[in-house]
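Below you'll find the structure, written out as structure tokens, and then a few comments.
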Amino acid sequence: MVYHSSFVDEEGVSKACGCPLLPLKSHIKGPAPVSEQDSTDIIDEAITFFRANVFFKNFDIQCSADKLLIYLTLYINVALKRLEGCRTLAEGTKAIINLGLEKVPVPGEAGFPFPGLFSAPQSQKEAKLFREYLKQIREETSGRLLSVAYRANGTPNKWWLAFAKRKFMNIIAT
């Protein structure tokens with residue numbers, strides 16, 4: 001059974017392109033509301049559930065936060081694919097920074113991995129807000145992923161990097 005997001009209560013949460021802009025425990029500047037440091041956010045859920053959810057070819061969406069969980073699961077898969085050949089934390093950090101510098105597509109643009117998962121933006125303002133949120137959430141996910149993909153001594157954690165070979169929902173990570 002797929003692990004779903006615990007963020008089912010969407011009261012008071014703004015949305016862009018049908019995606020809830022959930023609070024993050026982040027120091028990175030962006031449109032996401034700031035969450036308390038001792039609480040669990042969507043990135044914590046995505047990293048915690050990744051190794052189980054990556055095995056599934058289908059994902060039954062129960063709430064709109066599940067859509068964000070799907071997006072983050074694929075992003076983690078892509079990030080691990082980039083880290084696969086990196087033998088040190090320094091190399092991994094460089095690869096992740098380069099991934100973060102790539103253009104973030106929004107629904108309706110070429111390169112967006114899940115057409116139909118999120119609705120197309122209704123305006124340029126909504127597209128910009130969603131792009132900035134995705135950029136912020138990707139950067140924060142990358143930073144947290146490095147702390148689990150590499151041990152304290154800077155060597156790769158094979159129990160995480162082995163999942164780079166997995167396809168999530170039959171999508172090949174590039």
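Listed conditions (1) open to solvent by 70 Å² or more (accessible area, probe 1.4 Å); (2) in contact with a helix residue (DSSP H, G or I) (Cβ under 7 Å, 6 or more places away or on another chain); (3) closer than 17 Å to Glu139 by Cα; (4) not charged (D, E, K, R) are all met by His27, apart from (2).
For residues that are assigned to a helix (DSSP H, G or I) and not basic (Lys, Arg), tally how many sit in segment 78-109.
Result for segment 78-109: 15.
Of all the residues in segment 42-71, those that are surrounded by fewer than 18 Cβ atoms within 10 Å (Cβ to Cβ) and acidic (Asp, Glu) number 2.
Conditions (1) surrounded by 19 or more Cβ atoms within 10 Å (Cβ to Cβ); (2) within 19 Å of Leu21 (Cβ to Cβ), marked per residue:
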| site | (1), (2) |
| --- | --- |
| Val106 | yes, yes |
| Phe114 | no, yes |
| Leu129 | yes, yes |
| Tyr133 | yes, yes |
| Ser147 | no, no |
| Tyr150 | yes, no |
| Trp159 | no, no |
| Lys167 | no, no |
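Would it be correct to say that Ser35 is of a type in the set (Ser, Thr, Tyr), more than 24 Å from Ala152 (Cβ to Cβ) and either touching a Gly at 6+ places or on another chain (Cβ under 9 Å) or at pLDDT 90 or above (or both)? Spelling it out, it is not the case that Ser35 is of a type in the set (Ser, Thr, Tyr), more than 24 Å from Ala152 (Cβ to Cβ) and either touching a Gly at 6+ places or on another chain (Cβ under 9 Å) or at pLDDT 90 or above (or both). The single condition among (1) in contact (Cβ under 8 Å) with a residue 24 or more places away in the chain; (2) over 17 Å from Phe7 (Cβ atoms); (3) open to solvent by 10 Å² or more (accessible area, probe 1.4 Å); (4) not polar (S, T, N, Q) that Leu80 does not meet is (3). Taken over segment 8-22, the criterion of being in a loop (DSSP other than H, G, I, E, B) and either in contact with a strand residue (DSSP E or B) (Cβ under 7 Å, 6 or more places away or on another chain) or farther than 24 Å from Gln122 by Cβ (or both) is satisfied by Val8, Asp9, Glu10, Val13, Cys17, Gly18, Leu21.
Do we have any residue at all in segment 122-142 that's over 20 Å from Gly30 (Cα atoms) and either in contact (Cβ under 8 Å) with a residue 60 or more places away in the chain or not small (Gly, Ala, Ser) (or both)?
Checking segment 122-142: at least one residue is over 20 Å from Gly30 (Cα atoms) and either in contact (Cβ under 8 Å) with a residue 60 or more places away in the chain or not small (Gly, Ala, Ser) (or both).
When residues in segment 26-57 are screened for being free of Cβ contacts under 8 Å to residues at least 40 places away in the same chain and assigned to a loop (DSSP other than H, G, I, E, B), 9 of them pass.
Filtering segment 83-95 to residues that are surrounded by 22 or more Cβ atoms within 10 Å (Cβ to Cβ) and out of contact with any Cys (no Cβ under 9 Å at 6 or more places or on another chain) leaves only Leu83.
The values are calculated or read from the model by the stated rules, or taken from the named source; none is laboratory data. Since the structure is predicted, the reported quantities are computational estimates derived from the model, not experimental observations. Note: ideal-geometry Cβ built from the backbone for every residue, glycine included; neighbour counts use all protein chains shown. Heavy atoms of the whole protein, side chains included, go into the accessibility calculation; ligands, DNA and RNA do not. Shrake-Rupley method; radii C 1.70, N 1.55, O 1.52, S 1.80 Å.
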